[in-house]
Amino acid sequence: MLKEEQRDSEVRYKNPHQYERYVTKHFECMRADGYQVKISERLYYRATKDRKIEQWLEDNLTMLPYCMKSLSDLVLVTGGQIVSCICHMNNYNNISTEICATDRFSQGKRSEGRTANRSVIRTTTVSEIEEQVRYNSIFWTPEAESAGFKAKA
């Protein structure tokens, strides 16, 4: 039992750069086209020292593609389109997601004339991003109406 507990407490990588290469290679969200994921050097370092932080990071990276798909779908329902999305994983339990969206149903307007709306969502896990967008975002009705979005739901 003691050896099993010791093995669970050990981390796979001693070097943050080696761990960063592993994360980039093995997690789909790190190679996504529709959004960016930026992980701080400090978080990579801490993940190499603490199995709990490593597990938190990997769990969130696994959930991120599903969350971003859901986020995109939510914005589409309001008649919007995500222009850019950057998920910053700054530290353990500290995620900041910057979302910029426009009204894709603007009539008679060229894309340069569209109003872009930006929102920053701060959460402790990836699963909370969707919750925040669903209930507290500028991209959801009634805030969306004042931002020029036309809900198509």
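A simple spin-label model places the labels of Lys14 and Gln36 3.4 nm from each other, with each point 7 Å out along Cα-to-Cβ. Take every pair of alpha-carbon atoms less than 8 Å apart whose residues are at least six positions apart; their mean separation over the length of segment 54-100 yields a relative contact order of 27 percent. At q = 0.16, 0.18 Å⁻¹, what log₁₀ I(q)/I(0) does segment 6-68 have when each alpha carbon counts as one equal point scatterer in the Debye sum? The computed values of log10 I(q)/I(0) come out as -0.50, -0.62. Spin-label model, Glu28/Ile86: points 7 Å from Cα along the beta carbon direction are separated by 2.5 nm. Counting every pair of alpha carbons in segment 40-99, the share spaced more than 12 Å apart comes to 70 percent. Peptides 15-28, 58-71 ranked from most to least packed by the mean count of surrounding Cβ atoms within 10 Å: 58-71, 15-28.
None of the figures in this text is laboratory data; all of them are computed from the coordinates on show. Quantities reported herein were computed from a predicted structural model and do not represent experimental measurements. Every residue, glycine as well, gets a Cβ built from its backbone with ideal geometry; the counts of neighbours run over all protein chains shown.
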